[in-house]
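Everything on this sheet refers to the single structure shown next.
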Amino acid sequence: MRKGSLLSFGVIGGFVAGFALWSRQQHVDRQSLFSRNPVRRLAALGYLRTQPDEQTVTLLREYLAWEPKPELRRRARRLLRRVERSIA
């Protein structure tokens with residue numbers, strides 16, 4: 001019985017720790033959208049692809065007005081159209 005409860009505690013603890021780390025990474029990815037590093041901005045766009053909601057639309061519109069690199073602007077425009085279609 002003791003081994004089973006320790007195993008259960010370990011599994012539950014692992015899930016909680018994994019969820020906390022995942023949540024933190026999602027927060028960091030969202031903040032990276034306006035990073036100086038274009039690779040981080042690209043990663044943030046990838047994260048936003050999984051978040052089709054009104055807040056994402058607003059954020060992408062702000063990003064499009066700010067982004068200096070044409071390649072990333074094109075990618076953001078395509079993503080914006082996809083998100084708008086999915087929530088319509």
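Throughout, read-outs are computed from the coordinates displayed, never taken from laboratory work. The structure displayed is predicted, hence computed values, not measured ones. Cβ placement follows ideal geometry from the backbone for every residue including glycine, while neighbour counts extend to all protein chains displayed.
Brief remarks follow.
- Region 2-87, dipole about Cα centre (Lys/Arg Cβ +1, Asp/Glu Cβ -1), debye to the nearest 20: 300 debye
- When the charge dipole of the chain is built from unit charges on Cβ atoms (+1 for Lys and Arg, -1 for Asp and Glu) and taken about the Cα centre, the candidate among Phe34, Val57, Ile12 whose Cα reaches farthest toward its positive end is Phe34.
- All C-alpha pair distances within the chain, sorted into 10 Å bins from zero, spread as 16, 38, 20, 13, 9, 3, 0 percent across the bins.
- Angle of helix 54-66 to the longest C-alpha principal axis of the chain, folded into 0 to 90 degrees and rounded to 10: 50°.
- When each of Thr50, Thr56 is scored by the number of other beta-carbon atoms lying within 10 Å, the sequence from fewest to most is Thr50, Thr56.
- Charge context of Arg36, other residues only, Cβ under 13 angstrom, K/R +1, D/E -1: +2
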